[in-house]
Amino acid sequence: MNIDLHIPNSWTDLDERQLLYVFTIIACEYPSDTIKTFALMRWNNIEVLDPVGNHEYLIKRGKEKFIVSSVRIAELIQSMNWITEVPSSPVRLASIKGHDALPADFQEVPFEKFIMCDNLYQGYLHMQNPELLDELLCLLYNINEPTGFTKAQRVNAFYWWAALKRHLASVFRFFFTQSDGEDPALGKNLYDTLSRSMNNQIRALTKGDITKEKMVLAMDTWRALTELDAQVREYNEMRSKYPGK
């Protein structure tokens, strides 16, 4: 007997409860195939009852029971490889502790907040300190105290920011290609490197006019990145025309 299964095709197909479940099982650090299998069973209301033979299992959905092989399960989860990869566009939980999330793509979010969030993300990559993800969650959800967060919520913050950076790199490819060559996580002194990177970005936008700094920090993130991207593109074009200068 065949079972009709619901298998989402990408991160963007997940609703809020499905997304939370994925972050929860990722936080448990299960192997990738286990994560995909748990998700498949959960989303289709399937309960594994008992092993019944050589790599076969008795499963239940509703009042119906079936026998399925581990080979068949392995075939089904192949279409779910995306679940263990960083999303190509930002996804996140809509709210945490009653606080709504910022826009997933950070449009209409002040550039200052983007810089602060990215510094925390880069710091986490470098030091693997979960408290940095707690601080990141506070910024992303406008929460005052960085306490009481679950591992799943931390995974949510990490995947959101990693996906956002991937998405922004596809839109502002000149700026982020340039930035990749100076990854703050590789610096000998992380915070000095992050501070220098932040100051360079602000200086590029203000053209060295410190009276414009507050205006730049309040600028929409996408507007600021558009300008930085254009500056890098123009600089690259000038270098290609005048390679000796």
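How much accessible area does I67 have with a 1.4 Å probe, in Å² rounded to the nearest 10?
110
Which value, in debye to the nearest 20, describes the size of the charge dipole of the stretch 65-125 about its Cα centre when Lys and Arg Cβ atoms bear +1, Asp and Glu Cβ atoms bear -1, and nothing else is charged?
420
Explain nothing, just compute: Karplus ³J(HN,Hα) = 6.51 cos²θ - 1.76 cosθ + 1.60, θ = phi - 60°, for every residue of the stretch 78-89 in order, whole Hz, x for Gly and Pro.
4, 7, 10, 4, 4, 5, 9, 10, 5, x, 7, 9
Between R233 and E16, what length in nm is gained on full extension when 0.36 nm per residue of separation is reduced by their alpha carbon distance?
Result: 74.3 nm gained on full extension.
Enter the accessible area of V48 (Å², nearest 10), with the probe set to 1.4 Å and all protein chains included.
80
From the phi angles alone, apply the Karplus equation (6.51, -1.76, 1.60; θ = phi - 60°) to the stretch 116-126 and give each ³J(HN,Hα) in whole Hz, x where the residue is Gly or Pro.
4, 5, 5, 4, 5, 5, 5, x, 5, 4, 7
Could you tell me the accessible area of Y124 in Å² (1.4 Å probe, neighbours in place), rounded to the nearest ten?
Counting only protein heavy atoms, Y124 exposes about 40 Å² to solvent.
How large is ³J(HN,Hα), in whole Hz, for each residue of the stretch 15-20 in order, when computed from phi with the Karplus curve 6.51 cos²θ - 1.76 cosθ + 1.60 and θ = phi - 60°, using x for Gly and Pro?
Rounded to whole hertz, the list is 8, 4, 5, 5, 5, 4.
Ordering Y30, Y141 from largest to smallest accessible area (1.4 angstrom probe), what's the sequence?
Y30, Y141
When Lys and Arg each count +1 and Asp and Glu each count -1, what net charge do the other residues less than 13 Å away from A162, Cβ to Cβ, add up to?
+2
The values are calculated or read from the model by the stated rules, or taken from the named source; none is laboratory data. From a predicted model like this one, the values you see are computed outputs, not experimental measurements. Backbone-built Cβ (ideal geometry, glycine too); neighbour counts: all protein chains shown. Just the protein is used for accessible areas: all its heavy atoms, side chains included, with ligands, DNA and RNA removed. Shrake-Rupley method; radii C 1.70, N 1.55, O 1.52, S 1.80 Å.
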